[in-house]
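Student: For reference, the structure I am asking about is given below.
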Amino acid sequence: MLWPALVAHSHGELTPDQTRLLLTTLQLEDTPRAEGPGAAGSIAHRSFAGDSGTRLVVDVARIGDDIWALGLFFDGEPPSKNIVEHHRRMFRDVIDRLELTLIQVEPAATGDEVSVMPPQPDDAESPMDAYWPYPDLVDLDDLWLHLRLRKDAPRKVKAVKLREVMSYPSWAQAHPSLQRQAEEFLTRT
């Protein structure tokens, strides 16, 4: 089974020539990936062996008309940090070159790789406006998992997601200890 090690989502329309450039840049075979999460949208992939001999797969998937997912997947042992960071740079470079809009990279390494909900008009309800979904949560370290972040995620990445959560009206219902820890965290960032 393939598991994602790195996925970069971007938005924008590509011409057939730009799509070919994307596939050529990533050295992909013009055949869809048949296994793992998101395989249904795959348009091209390439398999190779990682440092430890583990099978790795680079993939491009199309979601709808204009969302592109560039992924690095593994079967077995996760790839080394060097391989992940090499692919992060490669994905970011091709997204920039094709003038696509970066939506998010998972796992995020920088603040601009974090997806946040766009500001809502005052009369629109966001997912967390109605109530605080974690009333028993008192420790900031426990909040990261709920925000889909690893505890060892970079501080700047955590700060972006934390500011987003704190912008919701429901944040006022969060435990006072959690609110205090969040403020202290942002003060130190």
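Student: How much mean residue ellipticity at 222 nm does the chain get from its helices, if each DSSP H run of length 4 or more adds -39500 (n - 2.57) and you divide by all residues, to the nearest 500 deg cm²/dmol? Don't skip to the end; give the middle numbers.
Tutor: Values: 5 runs with 59 residues, N = 189.
Mean residue ellipticity at 222 nm (helix-derived): -9500 deg cm²/dmol.
Student: Okay, moving on. Which order, highest average first, do 33-39, 134-140, 73-79 follow once you tally other Cβ atoms within 10 Å for each residue and take the mean per peptide? Write down the numbers at each step before the final one.
Tutor: On the way: 33-39: 15.7, 134-140: 13.3, 73-79: 18.0.
So the order, starting with the most tightly packed, is 73-79, 33-39, 134-140.
Student: Also: Under 20 °C and 1.002 mPa s, how fast does region 1-103 diffuse according to Stokes-Einstein, given a Kirkwood radius computed over C-alpha pairs? Answer in µm²/s, whole number. Don't skip to the answer; put the middle values down first.
Tutor: Details: Rh = 13.5 Å.
Roughly 159 µm²/s, to the nearest whole number.
Student: So what's the projected area for region 1-61, the Cα convex hull averaged over all directions, in nm²?
Tutor: On the way: hull surface 17.9 nm².
Answer in nm², one decimal: 4.5.
Student: Also, quick follow-up: Roughly what angle does helix 155-166 make with the longest principal axis of the chain, taking Cα atoms, 0 to 90 degrees, to the nearest 10?
Tutor: 50
Student: Please report, in whole Å, how far the alpha carbons of the chain spread along each principal axis, starting with the longest.
Tutor: Taking max minus min along each principal axis of the Cα atoms, the chain gives 53, 41, 27 Å.
Student: Taking amide hydrogens as modeled 1.01 Å from N in the peptide plane, which residues meet the under 5 Å criterion relative to L56, leaving out close sequence neighbours?
Tutor: Placed amide hydrogens put F48, A49, G50 under 5 Å from L56.
Student: Further, regarding this structure: Given a Förster distance of 41 Å, report the FRET efficiency between A34 and T189 from their Cβ-Cβ distance, rounded to the nearest 0.05. Kindly include the intermediate steps, with their values, before the conclusion.
Tutor: Numbers: r = 42 Å, r/R0 = 1.04.
So, using R0 = 41 Å, E works out to roughly 0.45.
Student: Another question, then. Please work out the FRET efficiency for the pair M1 and D93, using the Cβ-Cβ distance as r and a Förster radius of 30 Å; give the result to the nearest 0.05. Provide the component values of the computation, followed by the final result.
Tutor: Details: r = 29 Å, r/R0 = 0.97.
Rounded to the nearest 0.05, the efficiency is 0.55.
Student: Here is a further query. State, to one decimal in nm, how far the label point of A130 lies from the label point of D142, with both points 7 Å from Cα in the Cβ direction.
Tutor: 2.3
No value in this document is a laboratory result; all are computed from the given coordinates. Given the structure is predicted, the values throughout are model-derived calculations rather than measurements. Cβ atoms come from the backbone with ideal geometry, glycine included; neighbour counts cover every protein chain shown.
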